[in-house]
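Everything on this sheet refers to the single structure shown next.
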Amino acid sequence: MTAEDVIQAWDQADPAAIHPTRGVSEDAYWRSGKVQADMLATVIPDGAKVLDFGCGDGRVAIPMAALGYDVTAVDSSQNMLDRLSARAPEITTVEAAADGIAAHLGRRRMDAVYCLAVLIHHSYTDCLDIIGRLRAATKLGGILVLDWPVSDQPAEADSWIGVTTWSREQQADACARIGLEAVDSELPWGVYRAIKAV
Ligand SMILES: C[S@@+](CC[C@H](N)C(=O)[O-])C[C@H]1O[C@@H](n2cnc3c(N)ncnc32)[C@H](O)[C@@H]1O
């Protein structure tokens, strides 16, 4: 799967594909986003400027904004962003893949970046490219929360909805090269501090 394949598939995807809770009810879906925003708030400082990369229709971005974060919601799918804006017109949206972030930010850097249920669908190469660009968008010392799963049997996703998993060694090597220091946390995702790359 190329990044283009994944991006195109999501743009055409049914909203129900975003999260399993949508199969339960719309209420369960939005509650899951609020729960995850509360989890992110345990590691991201109050009032931070945050970038939600691959925000979808705002499941987590909308409750993050309600918690007082200054949210920039980025997604390659204008369909997703339109649904987000219909619900929360006050949130800044940017239609872009990872290579479009720098042009949007210019010299500005984010206090924190989070990326949930996005990296898992990409190949190793594309995932590294995305993480490198998310790191570049984050100020030194800032926080990145990445849904970037490890496995004893790492494998690449074989479809746009598949899941790519990594070995601990692959991740440690990538972190050193990109400039990420793992931070201990209770969260089910990787939490990192942006540091200088080696
Ligand atoms: C499974 S949804 C997750 C949405 C949201 N993060 C959440 O947890 O509810 C994946 C989203 O990531 C977006 N996406 C996937 N790959 C992307 C890429 N390379 N650049 C920008 N957006 C991407 C898709 O358009 C889709 O909206």
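The values are calculated or read from the model by the stated rules, or taken from the named source; none is laboratory data. Worth saying up front: this structure is predicted, and the values here are computed from it rather than measured. Cβ sites come from the backbone with ideal geometry, for glycine too, and all protein chains shown count toward neighbours. Just the protein is used for accessible areas: all its heavy atoms, side chains included, with ligands, DNA and RNA removed. Shrake-Rupley method; radii C 1.70, N 1.55, O 1.52, S 1.80 Å.
Order 144-155, 11-22 from most to least packed using the mean count of other Cβ atoms within 10 Å.
Details: 144-155: 16.7, 11-22: 14.5.
Result, highest mean Cβ count within 10 Å first: 144-155, 11-22.
If you add up the charges near residue 178, with Lys and Arg at +1 and Asp and Glu at -1, over every other residue whose beta carbon is less than 11 angstrom from its beta carbon, what do you get?
Details: positive: 133, 135, 177, 196; negative: 129, 173, 181.
Residues near residue 178 contribute +1 overall.
Please report, as a whole percent, how much of the solvent-accessible surface of region 1-82 comes from carbon and sulfur atoms (probe radius 1.4 Å).
Numbers: 1900 of 3540 Å².
Reported share for carbon and sulfur atoms: 54 percent.
In region 61-126, which trypsin sites (Lys or Arg not before Pro) fall in coil by DSSP and have 10 or fewer other Cβ atoms within 10 Å?
Working: sites: 83, 87, 107, 108, 109; in loops: 107, 108, 109.
Hits after loop and neighbour filter: 107, 108.
Need one number: % antiparallel among DSSP beta bridges in the chain, to the nearest 5.
If we restrict to bridges inside the chain, about 30 percent are antiparallel.
Put +1 on the Cβ of each Lys and Arg and -1 on the Cβ of each Asp and Glu in region 1-99; which of 58, 93, 2 then has its Cα farthest toward the positive end of the dipole?
Toward the positive end, the furthest listed residue is 58.
Taking 0.36 nm per intervening residue step and subtracting the Cα-Cα distance, what contour gain separates residue 173 from residue 151 on full extension?
Working: separation 22, 0.36 × 22 = 7.92 nm, distance 1.53 nm.
Extra length available between residue 173 and residue 151 comes to 6.4 nm.
Which whole-number percentage describes the relative contact order of the chain, with Cα contacts under 8 Å and a sequence gap of 6 or more?
Working: 362 pairs, mean separation 36.6, N = 198.
Here the relative contact order equals 18 percent.
Give the cross-link partners of residue 196 among the lysines, using a straight C-alpha distance below 28 Å as the criterion and excluding same-chain residues fewer than 8 apart.
49, 139
Below 15 angstrom from the Cβ of residue 151, what's the summed charge of the other residues (Lys, Arg +1; Asp, Glu -1)? Don't jump to the answer; show the numbers that get you there.
Working: positive: 168; negative: 147, 152, 156, 158, 169.
That sum, taken over residues with Cβ under 15 Å, equals -4.
Hey, can you rank 181-193, 33-45 by average C-beta count inside 10 Å, highest first?
Details: 181-193: 15.5, 33-45: 17.6.
Ranked from most to least packed, the peptides come out as 33-45, 181-193.
Would you compute the Debye intensity of the chain from its alpha-carbon atoms alone, equal scatterers and no solvent, and pass along log10 I(q)/I(0) at q = 0.10 Å⁻¹ to two decimals?
-0.37
If you place +1 on the Cβ of every Lys and Arg, -1 on the Cβ of every Asp and Glu, and leave all else neutral, what size is the dipole of region 1-72 about its Cα centre, to the nearest 20 Debye?
Numbers: 5 positive and 11 negative charges, 54 e Å.
Once rounded to the nearest 20, the dipole reads 260 debye.
Say each of residue 42 and residue 186 gets a label point 7 Å from the Cα, pointing the same way as Cα to Cβ; how far apart are those two points in nm?
Each label point is offset 7 Å from its Cα along the Cβ direction, giving 0.4 nm.
Let me make sure I get this right: for region 1-98, a, b and c are the square roots of the gyration tensor eigenvalues over alpha carbons, sorted descending. Under 1.5 in a/c it's rounded, otherwise prolate if a/b > b/c, else oblate. Which is it? Each step should come with its number before you reach the end.
Values: a/c = 1.75, a/b = 1.28, b/c = 1.37.
It is oblate, given that a/c is not under 1.5 and a/b is not larger than b/c.
Pull out the extension gain between residue 163 and residue 104, defined as 0.36 nm times the separation in residues minus the alpha carbon to alpha carbon distance; nm, one decimal.
Values: separation 59, 0.36 × 59 = 21.24 nm, distance 2.87 nm.
Contour length minus the Cα-Cα distance gives 18.4 nm.
Let me make sure I get this right: for region 35-148, a, b and c are the square roots of the gyration tensor eigenvalues over alpha carbons, sorted descending. Under 1.5 in a/c it's rounded, otherwise prolate if a/b > b/c, else oblate. Which is it? Could the numbers behind the result be given before it?
Numbers: a/c = 1.34, a/b = 1.12, b/c = 1.20.
Rounded is the answer for region 35-148, as its axis ratio a/c remains below 1.5.
State in Å² the accessible area per residue of the chain; use a 1.4 Å probe, count heavy atoms of protein chains only, and round to the nearest integer. Intermediate values should be presented prior to the final figure.
Numbers: 9510 Å² over 198 residues.
Heavy-atom accessible area per residue stands at 48 Å².
Dipole of the chain, Cα-centred, from +1 at each Lys and Arg C-beta and -1 at each Asp and Glu C-beta, to the nearest 20 debye?
Details: 17 positive and 28 negative charges, 152 e Å.
For the chain, the charge dipole is close to 740 debye.
Place a point 7 Å from the Cα of residue 129 along the Cα-to-Cβ direction; which residues of region 72-91 have their backbone N under 17 Å from it?
75-77
How much of the DSSP beta bridge set in region 1-113 is antiparallel, as a percent to the nearest 5?
Working: 0 of 11 bridges.
Taking every DSSP beta bridge within region 1-113, about 0 percent pair in antiparallel fashion.
At residue 25 and residue 117, where each label point lies 7 Å from the Cα along Cα→Cβ, what is the point-to-point distance in nanometres?
About 1.8 nm separates the two model spin labels.
If amide hydrogens are placed 1.01 Å from N in the peptide plane, which non-local residues have theirs closer than 5 Å to the one on residue 138?
Residues meeting the criterion, in which the H sits 1.01 Å from N, are 110.
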